[in-house]
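Have a look at the structure below before the remarks.
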Amino acid sequence: LHRRTSAARWPAGGRGAMMRAVDDAASDTRSKIKAINRAISAEERRLRDKYRWLAHQDALGAACFVGSLATIAALAWAYLAGHLPWWGAALTIGLPISILHELEHDLIHNQYFKGRAAVQNAMLFTIWWAKLNASPWYRRELHLRHHRRSGQPDDAEERLIGLGVRPGLFRVLIALHPIFAGPMLPGLKRADPSFRVMWGIRQSMPAFALFGLVLFGCPLLHVLSALSPGLTPPELVRVFDVLMVLWIGPNALRQTCLALISSYSHYYGDIPENDVFYQNQILDHPLLWPAQLYCFNFGSTHIIHHFVVQQPFYLRQMVARAAHAEMLRQGARRNDFGVVARANRWREV
């Protein structure tokens with residue numbers, strides 16, 4: 001489970017005694033991982049035998065896709081028609097978008113419409129513009145690397161949302177959107193010279209540009225309108241306001257919740273390679289529920305995905321109780337809030 005790590009993959013100074021202690025413990029995790037995998041797989045089999053509708057995976061994925069888009073459209077109509085206040089629209093539209101994000105993740109793992117690339121690509125394209133985030137085809141490369149390199153210096157997907165960064169303003173900005181993650185790129189390039197950063201930026205630029213234009217343009221227009229009322233057309237200000245309420249605001253809220261929950265459910269820097277036992281913790285404290293709503297309970301269930309990859313997002317929710325029970329029996333961590341001060345390290349720095 002544990003392989004020797006080359007010095008080039010670790011920050012300056014080496015791993016030291018702290019890393020060696022984790023290395024020694026890594027040899028004891030094989031039986032723990034097997035027990036957890038068996039518990040998750042057994043619960044999945046039980047659920048599939050009990051609920052035959054789980055076999056219709058493509059139909060379930062399509063229903064979630066269409067239902068999420070219809071909900072977004074209904075909420076947008078309610079706001080534009082004056083039936084929903086701006087804050088109500090901004091707070092609720094992020095919820096169906098969080099389901100679209102889960103669908104994108106499952107499509108990256110080929111969970112729906114296998115062998116039908118045109119359908120998958122159409123869904124990915126739609127989700128990309130609903131989220132206004134990184135290109136899903138670029139994210140596929142980052143996410144599959146994440147499973148191979150979780151918690152290591154070249155785990156680009158998680159590091160680009162703040163993994164290993166000390167708490168503070170920069171960590172919050174990275175969580176808000178990838179457009180603020182530029183300072184992370186040189187370190188990722190050093191960790192893995194083959195990291196195709198410019199390819200990903202070029203692919204994602206249309207969505208990044210629109211997000212940034214509205215995020216910064218909307219307050220700027222309001223400032224200009226206040227300073228010189230006749231300088232900016234009211235219609236233009238209204239367009240930017242609508243885009244902020246219905247598109248940018250919900251995604252900024254959703255992405256921040258997801259990035260913080262995701263990055264703090266992972267460990268980084270002093271964990272052994274290829275040992276899934278050290279990669280995640282269970283984050284399911286009741287105080288986290290407001291954030292969990294915008295990432296479909298990610299903190300509670302993402303650890304399950306690391307142990308058993310090929311499960312759709314709704315099935316991970318269904319197996320969570322049994323999975324968590326076995327994980328805790330085997331010594332997995334739960335609600336380790338010290339990870340914030342430790343900047344995702346497993347042990348005290």
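Quick look at the numbers
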{"read-out": "3 or more residues at pLDDT 95 or above, farther than 30 Å from PHE277 by Cβ and of a type in the set (Ser, Thr, Tyr): qualifying helices (runs of 4 or more DSSP H) within region 1-93", "value": "57-80"}
{"read-out": "Tabulated pairs, region 205-229, first among the aliphatic types (A, V, I, L, M), second open to solvent by 60 Å² or more (accessible area, probe 1.4 Å), C-beta under 6 angstrom, 6+ apart or interchain", "value": "LEU224/LEU231"}
{"read-out": "Condition broken by HIS101, with the remaining ones in (1) of a type outside the set (A, V, I, L, M); (2) open to solvent by 20 Å² or more (accessible area, probe 1.4 Å); (3) assigned to a helix (DSSP H, G or I) satisfied", "value": "(2)"}
{"read-out": "Some residue of region 269-282 being among the polar types (S, T, N, Q) and open to solvent by less than 10 Å² (accessible area, probe 1.4 Å)", "value": "yes"}
{"read-out": "Residues that are outside any helix (DSSP H, G or I) and surrounded by 16 or more Cβ atoms within 10 Å (Cβ to Cβ), drawn from region 291-329", "value": "PHE296, ASN297, VAL308, GLN311, PRO312"}
{"read-out": "Residue match in region 158-181 (condition: under 26 Å from SER68 (Cα atoms), among the aromatic types (Phe, Trp, Tyr) and touching a Leu at 6+ places or on another chain (Cβ under 8 Å))", "value": "no"}
{"read-out": "Test: LEU221 is under 30 Å from ALA332 (Cβ atoms) and in contact with a Ser or Thr (Cβ under 9 Å, 6 or more places away or on another chain)", "value": "no"}
{"read-out": "Single condition ILE174 does not satisfy, out of (1) part of a helix (DSSP H, G or I); (2) closer than 27 Å to LEU80 by Cβ", "value": "(2)"}
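Residues checked against (1) charged (D, E, K, R); (2) under 20 Å from PHE65 (Cβ atoms):
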position: GLY299; (1), (2): no, no
position: PRO312; (1), (2): no, yes
position: ARG321; (1), (2): yes, no
position: LEU328; (1), (2): no, no
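The values are calculated or read from the model by the stated rules, or taken from the named source; none is laboratory data. Not measured: the values here are computed from a predicted model. Backbone-built Cβ (ideal geometry, glycine too); neighbour counts: all protein chains shown. All accessible areas refer to the heavy atoms of the entire protein, side chains included, with ligands and DNA or RNA removed. Shrake-Rupley method; radii C 1.70, N 1.55, O 1.52, S 1.80 Å.
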